[in-house]
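What follows is a set of notes on a single structure, which appears directly below.
The values are calculated or read from the model by the stated rules, or taken from the named source; none is laboratory data. Values in this document were obtained by computation on a predicted structure and should not be read as measured data. Here the Cβ is made from the backbone with ideal geometry for all residues, glycine too, and neighbour counts use every protein chain on show. Accessible surface is based on the protein model in full, side chains and every heavy atom, while ligands, DNA and RNA are left aside. Shrake-Rupley method; radii C 1.70, N 1.55, O 1.52, S 1.80 Å.
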Amino acid sequence: TLFAIGSITKTFTALAAGLLVDEGLLDLDEPVRTYLPAFAVQDPYVTLNVTVRDLLAHRTGMARHYAMWYRSDLNRDQLLAGLSYLPPISGLRQEFRYNNLMYMVAGRTIGRISGGTWEDFVDERILQPLGMERTFFGGPPEGDPDFSLPYHEGADGEPERITFYEGWAVGPSNSISSCADDMARWLQLMLGNGRINDRVILSPEIVRELYTPQMTVSALGSYEMPIITYGLGWFVQSYRGRLMAWHTGSVDGFYAMATILPFDGIGVVVLTNRSHHSLPEIVSRWVIDRLLGLSEIDWATRLANQENTLAAGLRRAVAVREAARTPGTSPSLPVEGLAGRFVHPGYGVLLVEESDGQLRGTFHGMTGPIDHLQDNVFLFTPQGTEFHQEYAIRFQMGADNRAMSLSSTMQVGVPPVVF
């Protein structure tokens, strides 16, 4: 049965890069522009000095810019061109900044070196040699009878069916769908140091490089997992004294986790068809603890407490926003003067329409109401997808009684994007 594995796809992209290193066609420490001259971001220094290793280790300093690609109909070349309008959020190699767009660049680089597409290379060099015949790019193939359906938690707390994700321009970061048998083959390859059934796919040196920490991720963690780093396509940390590499993957209505303990010969993959829960982490650690003969830890309670803390933080943020509102204000123009087609060269089009005094927005195919907050500030809430982001947008007025632009903070910590 097929499940989307989301960002576990990154482990395949990193291994694909490793195959090119083995062949002498790619140097991880060479600037990306050596292989992909079209690559550019807003900062010239970053543009000239970002390496393929930086892309794979999430240390480019670029923010996620999640809204730029999520459900977008832009293709990879269009997204690549749009990067030049995005400023970095921190210095190159200064801190860990998880970024699907940079994995898209890595995939584009692999395709250019190999003379095809990222999908072609991964299929021919990884999936076919491993016999992963039930592994595909994007959603389930048309007519396939055996696939899981995507769900999330509805407003009443019950599972609610949602639509399959569409828009795979950042496919090298999140597009693979697979099944338990195929993912077991994948884990066997990794545990075999690049060898499976006496067939060598990848050199042991490259496999070891994938698990080698490249960037510290965050501050100290729990007693059992005090330090977390990122290698090449894998999170790498100590788990109760053992080396553990892992990656989760989330696509609308699906959540998965792959975990490997290289020195202990243990690999676990958990595939689920519901988003926003911690079952993959709980099951993976439950299995590992028992295989290692370690004392039991109530991971379910621990992770539930973390989720509750996060939910409480989100509620506080909404309460702070509401408390800061100034009641009784009005926009500078009637709402019909705010309608229009607003464009950003990287993010694309945000369409604002007016009907019977109510504004409605459409962004990357996602639609939802635009409700007045105060003055010229409104709240745009896309609906019907896993993307639960709310955008506060501020209209800037022109001289002809119409809005000439709007700005929105599309991501916390990033300057407002002007459409």
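In this rough spin-label picture, where each label sits 7 Å from Cα along the Cβ direction, the Asp181-Leu149 distance is 2.5 nm. So what's the back-of-envelope 222 nm ellipticity for the chain, counting only DSSP H runs of four-plus at -39500 (n - 2.57) apiece and dividing by all residues, rounded to 500? Mean residue ellipticity at 222 nm (helix-derived): -8500 deg cm²/dmol. Amide H to amide H, with H built 1.01 Å from N, Val417 comes under 5 Å of Ser408, Thr409, Met410, counting only residues 5 or more places away or on other chains.
Tilt of helix 180-191 relative to the longest C-alpha principal axis of the chain, in degrees (0 to 90, nearest 10)? With both axes taken from Cα atoms, the answer is about 60 degrees. Between the residues Ala17, Gly241, Leu261, the greatest Cα displacement towards the positive end of the dipole of the chain, with unit charges on the Cβ of Lys, Arg, Asp and Glu, is found for Gly241.
Just need the relative contact order of the chain here, percent rounded to a whole number, with Cα pairs under 8 Å and 6+ apart.
Numbers: 848 pairs, mean separation 67.1, N = 419.
16 percent.
Fully extending the segment from Gln78 to Trp286, taken as 0.36 nm per residue of separation minus the present Cα-Cα distance, adds 70.5 nm. When the surface is traced with a 1.4 Å probe over the full set of protein chains, Glu390 keeps roughly 80 Å² accessible. Amide hydrogen proximity for Gly231: with H placed 1.01 Å from N in the peptide plane, the residues at 5 or more positions away or on another chain lying under 5 Å are Gln214, Val236. The listed residues Trp168, Trp246, Trp69, once ranked by accessible area (1.4 Å probe) with the largest placed first, stand as Trp168, Trp246, Trp69. Remark: segment 24-35, residue by residue, has Karplus-estimated 3J(HN,Hα) of x, 8, 9, 10, 4, 9, 8, x, 4, 5, 4, 9 Hz, where x stands for each Gly or Pro and the curve is 6.51 cos²θ - 1.76 cosθ + 1.60 at θ = phi - 60°.
In this simple spin-label approximation, Ser222 and Phe164 carry label points 7 Å from Cα along the Cα→Cβ vector, and these lie 3.6 nm apart. Evaluating 6.51 cos²θ - 1.76 cosθ + 1.60 at θ = phi - 60° for every residue in segment 44-51, the Karplus couplings come out as x, 5, 5, 3, 7, 10, 4, 9 Hz, glycine and proline recorded as x.
Subtract the Cα-Cα distance of Val320 and Leu48 from 0.36 nm times their separation in residues, and report this length gain in nm to one decimal.
Details: separation 272, 0.36 × 272 = 97.92 nm, distance 4.14 nm.
Residue separation times 0.36 nm, minus the Cα-Cα distance, leaves 93.8 nm.
Think of segment 290-394 as having a plus end and a minus end, set by charges on the Cβ of Lys, Arg, Asp and Glu; of Leu294, Phe378, Gln306, Leu294 sits farthest toward the positive end of this dipole.
Given Cβ point charges of +1 (Lys, Arg) and -1 (Asp, Glu) and nothing else, what value in debye, to the nearest 20, does the dipole of segment 308-419 about its Cα centre take? Show your work: numbers first, answer last.
Details: 8 positive and 10 negative charges, 73 e Å.
Roughly 360 debye for segment 308-419.
If Lys and Arg each add +1 and Asp and Glu each add -1, what is the summed charge of the other residues whose beta carbon sits under 12 Å from the beta carbon of Pro141? Could you put the intermediate results ahead of the total?
On the way: positive: Arg134; negative: Glu133, Glu142, Asp144, Asp146.
Residues close to Pro141 contribute a combined charge of -3.
For segment 133-139, putting each phi into the Karplus relation 6.51 cos²θ - 1.76 cosθ + 1.60 with θ = phi - 60° gives couplings of 7, 10, 10, 9, 9, x, x Hz, in residue order, rounded to whole numbers and with x for Gly and Pro.
Quick one: compute the contact order of segment 51-141, relative version, from alpha carbon pairs under 8 angstrom and 6+ residues apart, as a percent. Don't skip to the end; give the middle numbers.
Values: 77 pairs, mean separation 29.7, N = 91.
With pairs under 8 Å counted, the relative contact order is 33 percent.
Taking the longest Cα principal axis of the chain as reference, the axis of helix 299-324 is set at about 20 degrees. Could you work out how far the C-alpha centroid of segment 88-142 sits from that of segment 205-232, in angstrom? Result: 21 Å between the Cα centres. Between helix 279-291 and the chain there is an angle of about 20 degrees, using the helix long axis and the longest principal axis of the Cα atoms. Amide H contacts of Phe147: Leu2, each under 5 Å away and 5 or more positions distant or on a separate chain (H built 1.01 Å from N in the peptide plane; Pro and chain starts excluded).
If r is the Cβ-Cβ distance from Arg199 to Thr381 and R0 is 56 Å, what FRET efficiency results, to the nearest 0.05? Walk me through the intermediate numbers first.
Values: r = 51 Å, r/R0 = 0.92.
My answer for the efficiency is 0.60.
Sequence-distant contacts, meaning Cα pairs under 8 Å at least 6 residues apart, place the relative contact order of segment 367-419 at 22 percent. Projecting the Cα atoms of Ser7, Phe39, Met102 onto the charge dipole of segment 1-103, computed from C-beta unit charges around the Cα centre, puts Ser7 farthest toward the positive end. A simple spin-label model places the labels of Thr409 and Gln128 5.0 nm from each other, with each point 7 Å out along Cα-to-Cβ.
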